[in-house]
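A short write-up of the structure that comes next.
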Amino acid sequence: MAGLIAAGYADLAPLSLLHRPRVPGDIAAAVAAIVAAPVLPLVSALLARYARLRLPGLVLVPLTVCCAVLGVLLTLAAMMDGGSALAFLEGLMLTLAVVGGLQMLGRATEAGELAALLMALPTLLALWSLATVPAAAVSALKIAAGHPYCIARHGDTHPIDSWAELRGLSLYTTRTGFKSTSHWYLHAVLIVEADADWSVWNWSFGAMGFTPLPHPDWLTERAGSECTPEPSFLATLAPF
């Protein structure tokens, strides 16, 4: 479970925020917590299995409460900054995963069972996130049918550059126009060049595939200029 959570959730993209000048200390700490959280259950599992590390209740309980509160606060902060329902779900499940991972360090005999119970739903979300990778790749290849194509996030000025970005928890947009009633951005877009013409397709999590976008110019943020189609686009992507 811990390995699947690390594979499905881990994302280094937030580290780009630290490249900005004069990043406040609290923002830097929040970014570090967000980046580290997906691997914490795996670290806990390895420490429990190979280092035989066990924490007394006086340490484990306050640590668990602190991690739970921090996870909830970071999730709520993301929602107030224009986060979507998927962002809320990811934050909630990741908080459960971290809390569950910590339970593997408990001394009680039921610690493993409690850890598995808490990590069950986060693991299912991780599996869905990983399943999006082949679904997106197969859909893109089928639609492109040998023509040049590319995949990018709506609103970006460059294509995705790794297979990891096709995971469900990396692919969804966090841009909502900062209005709960006006979702201005799509998820990923597929751009295909065929017969000297470009077609634009929108990634749909409901269909788990790319669906036609007949009027990309009608959107508040125009779609279709995010990347330049190229042959065998998926073959150019790095693993991570």
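The values are calculated or read from the model by the stated rules, or taken from the named source; none is laboratory data. Because the structure is a prediction, the values reported are computed rather than measured. Ideal geometry is used to build each Cβ from the backbone, glycine not excepted, and the neighbour counts take in all protein chains shown. SASA here: full protein model, heavy atoms, side chains in, ligands and nucleic acids out. Shrake-Rupley method; radii C 1.70, N 1.55, O 1.52, S 1.80 Å.
General observations
- Carbon-plus-sulfur accessible fraction, the range 111-168 (probe radius 1.4 Å, protein heavy atoms only): 73%.
- Gain on full stretching of the segment that runs from Ser16 to Arg54 - 0.36 nm per residue minus C-alpha separation: 10.2 nm
- Mean-position separation - Cα centroids, the range 53-69 and the range 212-240, in angstrom: 45 Å
- Highest to lowest packing among 50-59, 190-199, scored as the average C-beta count within 10 Å: 190-199, 50-59
- A Gaussian network model of the chain, with springs between Cα atoms under 10 Å, assigns the largest mean-square fluctuation among Pro229, Pro62, Pro21 to Pro21.
- Cysteines, the chain, no other Cys beta-carbon under 4.7 Å: Cys66, Cys67
- Rolling a 1.4 Å probe across all protein chains gives Ile143 an accessible area of roughly 40 Å².
- Accessible area (Å², per residue) of the range 19-73, counting only protein heavy atoms and a probe of 1.4 Å: 68 Å²
- Sites Ala238 and Leu63 - FRET efficiency at Förster radius 45 Å, r taken between beta-carbons, to 0.05: 0.80
- Residue-normalised accessible area of the range 94-240, expressed per residue, 1.4 Å probe, Å²: 50 Å²
- Comparing Tyr172, Leu186, Ile151 along the charge dipole axis of the chain, the residue lying farthest to the positive side is Tyr172, per the Cβ-charge model.
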